[in-house]
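Heads up: the structure comes next, in structure tokens.
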Amino acid sequence: MKKTLRRAAGASALGILFTLAAVPGVAQAATTKCAYDGNDRACATNNNNYTSSLEVCDNEDDGRNVTAWFGLSDGIQTYLTDSYGGGCKSSSRNIRVAWFVVAEQGGKDSPTVYMY
Ligand SMILES: [Ca+2]
């Protein structure tokens, strides 16, 4: 019993440490937006330090890949393609995402998502 209590106290002390350590992260608040095409999706996250994360997920086992096109804030476009299974495709950039669209192979583009 004593041992369990001590372990629990240790865990909560760790929890406090993590909470305190996370506080500076508030200044790094990120903006994440996603677009969906059925169950398929693409997301972009812009971080306050002007980096970004891109992700596309083919969640439909229908033989059609899913591609997202991302417009970066310098005007350059890039894309990511995912095929069903094995998790999502992701990438990061040292620049923010301005907009993106997602579409399934042979399908229509989603409405454009503007990040800011
Ligand atoms: Ca698919």
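Read the figures in this text as sums done on the coordinates, not as results from a lab. From a predicted model like this one, the values you see are computed outputs, not experimental measurements. Cβ: placed from backbone, ideal geometry, glycine included. Neighbour counts: every protein chain shown.
Just grab the label-to-label distance for N49 and T112, each label 7 Å out from Cα along the Cβ direction, in nm (one decimal).
Label at N49, label at T112, 3.0 nm between them.
Give the order of V97, V66 when sorted by the count of other beta carbons within 10 angstrom, beginning with the fewest. List each step's numbers first, then the result.
Working: V97 24, V66 28.
If I rank by nearby Cβ atoms, fewest first, I get V97, V66.
How large is ³J(HN,Hα), in whole Hz, for each residue of segment 40-47 in order, when computed from phi with the Karplus curve 6.51 cos²θ - 1.76 cosθ + 1.60 and θ = phi - 60°, using x for Gly and Pro?
Residue by residue, segment 40-47 yields 6, 8, 9, 9, 9, 10, 9, 9 Hz.
What number comes out for the charge environment of N46, summing +1 per Lys or Arg and -1 per Asp or Glu over other residues with Cβ under 12 Å away? All intermediate terms of the calculation are to be shown ahead of the outcome.
Values: positive: K33, R93, R96; negative: none.
Counting the neighbours of N46, the net charge comes to +3.
Stretched out fully, how many nm does the piece from T31 to R64 gain, at 0.36 nm a residue minus the Cα gap? Before the final figure, lay out the partial values.
Numbers: separation 33, 0.36 × 33 = 11.88 nm, distance 2.89 nm.
Net length gain for the segment: 9.0 nm.
Using the crude model of +1 on Lys and Arg Cβ and -1 on Asp and Glu Cβ, and no other charge, please compute the dipole size for segment 57-116 relative to its Cα centre, in debye to 20.
Numbers: 5 positive and 8 negative charges, 63 e Å.
The calculated dipole for segment 57-116 is roughly 300 debye.
Under the rule a/c < 1.5 gives rounded, and otherwise a/b versus b/c splits prolate from oblate, where does segment 48-88 land using the Cα gyration tensor? Intermediate results must be reported in sequence, preceding the final value.
Numbers: a/c = 4.85, a/b = 2.10, b/c = 2.31.
Here segment 48-88 falls in the oblate category.
For segment 93-113 and segment 39-89, what is the separation of their C-alpha centers, rounded to whole Å?
7
Roughly how many nanometres apart are two label points built 7 Å out from the Cα toward the Cβ at S92 and Y79?
2.5
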